[in-house]
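Peer 1: Here it is, the structure, as structure tokens.
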């Protein structure tokens, strides 16, 4: 006998319930139109199996773009929806880390929108996305990875380092979209998503040893900052400067930490660039 939809949903709930529930020591997410003084880069929630999580995300209006193991036992599920796509930026794809049986972490769209959209962003703009995430994940909690809200719009790690708009051109040509959808796509691409303005957002698989920079600085719990992204538009492929994106995504990063992974920005560039050869 084939399982009914009701049976499948029951199995998902039982699967999630079988996982240990975590006691979070931070505050719960609050939905508001009033910007807080500090904003959490991520929200954490109780663990679910990957399949149960994907099912609940779909039920709440998300499209699953890809599922990628970043490090052993740390799998990132990437999603989008119409609201995210309308940003026409790197924000169009959102990552959730399934960290074994410990927790789920999701990128906070408000945090990254404040950094990427500048004056076009107003706090509360992504409330519906957060509501949908909450419906899929249950209660969501702040993490220690916080930054002053006022700093995000013009953020750089140091005054003389890259800002959001300092993109790195990766490749140029009329066949870039074909390259990431051909054999290169099978080997090097985590996902692609077409944006309303005609651009193509690309998520890149990195070599396993490249992802280990997270281990060097004790940030494996934030593996949801990957896959790294590029955007194809008007015959050019470009990415955010890794020194900007890594610092933005890891707000507790120190200069000492940065020195430990000094080769990582160039390594990311090589990993992204191979998809366009």
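The values are calculated or read from the model by the stated rules, or taken from the named source; none is laboratory data. Note that this is a predicted model, so its numbers are computed, not measured. Don't worry about glycine lacking a Cβ; one is built from the backbone with ideal geometry, like all the others, and counts go over all protein chains shown.
For every residue, the table says whether it meets (1) over 13 Å from the mean Cα position of the chain (by Cα); (2) closer than 30 Å to residue 194 by Cβ; (3) in contact (Cβ under 8 Å) with a residue 24 or more places away in the chain.
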residue: 20; (1), (2), (3): yes, no, yes
residue: 56; (1), (2), (3): yes, yes, yes
residue: 70; (1), (2), (3): no, yes, yes
residue: 117; (1), (2), (3): yes, yes, yes
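Peer 1: Just name the residue that is farthest from residue 90 (Cα to Cα) out of those in segment 234-251 that are surrounded by fewer than 19 Cβ atoms within 10 Å (Cβ to Cβ) and touching a helix residue (DSSP H, G or I) at 6+ places or on another chain (Cβ under 9 Å).
Peer 2: In this case the residue turns out to be 235.
Peer 1: Could I ask something else about it? Restricting to segment 178-204, what's the tally of residues that are outside any strand (DSSP E or B) and either within 24 Å of residue 70 (Cα to Cα) or free of Cβ contacts under 8 Å to residues at least 24 places away in the same chain (or both)?
Peer 2: Adding up the residues that qualify gives 11.
Peer 1: So which of 216, 221 ends up being over 17 Å from residue 107 (Cα atoms), touching a residue at least 12 places away in the same chain (Cβ under 8 Å) and either surrounded by fewer than 21 Cβ atoms within 10 Å (Cβ to Cβ) or under 18 Å from the mean Cα position of the chain (by Cα) (or both)?
Peer 2: The conditions single out 216.
Peer 1: Of the numbered conditions (1) assigned to a helix (DSSP H, G or I); (2) modelled with pLDDT of 95 or more; (3) within 20 Å of the chain's Cα centre (by Cα), residue 251 satisfies every one except a single condition; which is it?
Peer 2: Among (1) assigned to a helix (DSSP H, G or I); (2) modelled with pLDDT of 95 or more; (3) within 20 Å of the chain's Cα centre (by Cα), residue 251 violates only (1).
Peer 1: Would you check if residue 84 is crowded, with 17+ Cβ neighbours inside 10 Å, within 18 Å of residue 120 (Cα to Cα) and under 15 Å from the mean Cα position of the chain (by Cα)?
Peer 2: Taking the combined requirement at face value, the residue satisfies it.
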